[in-house]
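Engineer: Questions regarding the structure given below will be posed in turn.
The values are calculated or read from the model by the stated rules, or taken from the named source; none is laboratory data. Predicted model only: the values in this text are computed from it and were never measured. With ideal geometry, Cβ positions are generated from the backbone for all residues, glycine too; neighbour counts draw on all protein chains shown. Heavy atoms of the whole protein, side chains included, go into the accessibility calculation; ligands, DNA and RNA do not. Shrake-Rupley method; radii C 1.70, N 1.55, O 1.52, S 1.80 Å.
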Amino acid sequence: QVQLVESGGGLVQSGGSLTLSCQASGSNFRAYVMGWYRQAPGKQRELVATITASGTTTYEDSLRGRFTIFRDNTKKMIFLQMDSLEPEDTAVYYCNSRRLGQDSWGQGTQVTVSS
């Protein structure tokens, strides 16, 4: 399994941008589908985006066009570029790795968007 550490969260005004980073450690990073999920207060954790080692991406439909996921396999990192942020994007954002049905999670990073 991999260990995951997120960074880059913070407070941003509505309409602003943030880029989240996730550093993975462990072996065989390319074997994992990586992703970002988020959990807002009082809500269930939801998918934001995923990316395979070859760069194939999926997005939650409502976030496509504002959020971009990308990865650097050499550095064992993934990123989430978030643009045109809205107060509804306020949540804890979690990095995820998945392989053979096994999930690993980071500790999460808080993103707060003020109106």
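Okay, residues lined up against (1) part of a strand (DSSP E or B); (2) open to solvent by 20 Å² or more (accessible area, probe 1.4 Å); (3) touching a Ser or Thr at 6+ places or on another chain (Cβ under 7 Å); (4) within 11 Å of Phe79 (Cβ to Cβ):
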residue: Gln1; (1), (2), (3), (4): no, yes, yes, no
residue: Val5; (1), (2), (3), (4): yes, yes, no, no
residue: Thr19; (1), (2), (3), (4): yes, yes, no, yes
residue: Ser27; (1), (2), (3), (4): no, yes, no, no
residue: Gly35; (1), (2), (3), (4): yes, no, yes, no
residue: Ala49; (1), (2), (3), (4): yes, no, yes, yes
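Engineer: Could you tell me which of the residues Gly10, Gly42 is on the phi > 0 side of the Ramachandran plot, over 11 Å from the mean Cα position of the chain (by Cα) and open to solvent by 30 Å² or more (accessible area, probe 1.4 Å)?
Structural biologist: Step by step, each of Gly10, Gly42 is checked, and only Gly42 is on the phi > 0 side of the Ramachandran plot, over 11 Å from the mean Cα position of the chain (by Cα) and open to solvent by 30 Å² or more (accessible area, probe 1.4 Å).
Engineer: Which one is most open to solvent (accessible area, probe 1.4 Å) among residues in the range 53-80 that are within 18 Å of Val111 (Cα to Cα) and part of a loop (DSSP other than H, G, I, E, B)?
Structural biologist: Of everything passing the filter in the range 53-80, Glu60 is most open to solvent (accessible area, probe 1.4 Å).
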